[in-house]
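Peer 1: Got a structure for you, questions after.
The values are calculated or read from the model by the stated rules, or taken from the named source; none is laboratory data. Bear in mind the structure is a predicted one, so any value in this text is a computation, not a measurement. With ideal geometry, Cβ positions are generated from the backbone for all residues, glycine too; neighbour counts draw on all protein chains shown. Keep in mind that these areas ignore ligands, DNA and RNA; they rest on the heavy atoms of the full protein, side chains included. Shrake-Rupley method; radii C 1.70, N 1.55, O 1.52, S 1.80 Å.
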Amino acid sequence: MGRLPIERVQPEGYRPFTTPRVLKMIHGGKNMSEQVRDNHNHAEVSPIKNKVGSIFIPVRDIERSRSWYCRVLGIAEDDCQVMNGHLCPLPMEGTGVILDTMPKWGGDQPGGAPSIDTPAFMLLTEDLEGSLAYMKKLGVELVTEIEHQHWFVIKDPDGNKLMICRE
C-alpha cells in the first residue's frame, strides 16, 4: 500500500520566494540558457550571461556604511578595503556586494545618490528568528517583523531596504 500524500496548508496570500538555488537548475546536463535556447529554437545566442556579478548599494558615507555592513554580516573591517575613495567590495559568498558613494550617479550632489526604496535583493540566513534578534540587538531599523515565517526587511543607515530571507 502506497503512502498518502501530505497536504500542506499555506497561509492565505502566501507566495514562496524564489531562491538563488532555483537559478542553478540543470535539465539533462544543460544550463538554463541552453535549455531555453533549445526549447525556443533561437538561432542567436546572447553574449550576456544570466549570472549576477555584483550588486551596488548606494551609500553616502563609505566608512560609516562599511562599519555597519561589517557588523551586520559579521565581517572584519580589515577585510573590506575602500577603493578609489568611493567603493568598498564586501567579501561575500556568491554574488558580490559593493558599497559605493556613486559620484557618477548623483553621489556628488547634496543628499547623495538615491537609496534603494524596495528590497532589490535578499541576504540569506538559516536562522531567521536569530537573525531578527541580532538585528534588534545591533539597533538596526526594522521595516517589517518576520513575514510568512520566511523573511523580514531592514534599513541600512542610508535608508536602503534589505530583505533577510530564510534559505
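Peer 1: Could you work out how much longer the chain between Thr95 and Ser67 gets when fully extended? Use 0.36 nm per residue separation minus the Cα distance between them, nm to one decimal.
Peer 2: Details: separation 28, 0.36 × 28 = 10.08 nm, distance 2.01 nm.
Full extension from Thr95 to Ser67 adds 8.1 nm.
Peer 1: Taking amide H atoms as placed 1.01 Å from N in the peptide plane, list the residues 5 or more away in sequence, or in a different chain, whose amide H sits under 5 Å from that of Ala113.
Peer 2: Distant-sequence amide H within range of Ala113: Gly107.
Peer 1: Next question. Taking the mean number of other Cβ atoms within 10 Å as a proxy for protection, how do you rank 110-118, 153-161 from highest to lowest?
Peer 2: On the way: 110-118: 13.4, 153-161: 18.1.
Order by mean packing, descending: 153-161, 110-118.
Peer 1: Using 10 Å bins from zero, what percent of all Cα-Cα pairs in the range 108-151 falls into each bin?
Peer 2: Histogramming the range 108-151 at 10 Å steps yields 21, 46, 23, 11, 0 percent.
Peer 1: Amide H to amide H under 5 Å from Leu99: which residues, 5+ apart in sequence or cross-chain, H placed 1.01 Å off N in plane?
Peer 2: Excluding prolines and chain starts, which carry no amide H, the hits are Ile57, Cys88, Leu90.
Peer 1: Still on this structure, please answer the following. Near Lys49, which aspartates and glutamates are there with a Cα under 18 Å away, not counting those fewer than 8 places off in the same chain?
Peer 2: Glu34, Asp38
Peer 1: Keeping every protein chain present and rolling a 1.4 Å probe, give me the accessible area per residue for the range 94-165 in Å². Provide the component values of the computation, followed by the final result.
Peer 2: Values: 3740 Å² over 72 residues.
Normalised by residue count, the accessible surface of the range 94-165 is 52 Å².
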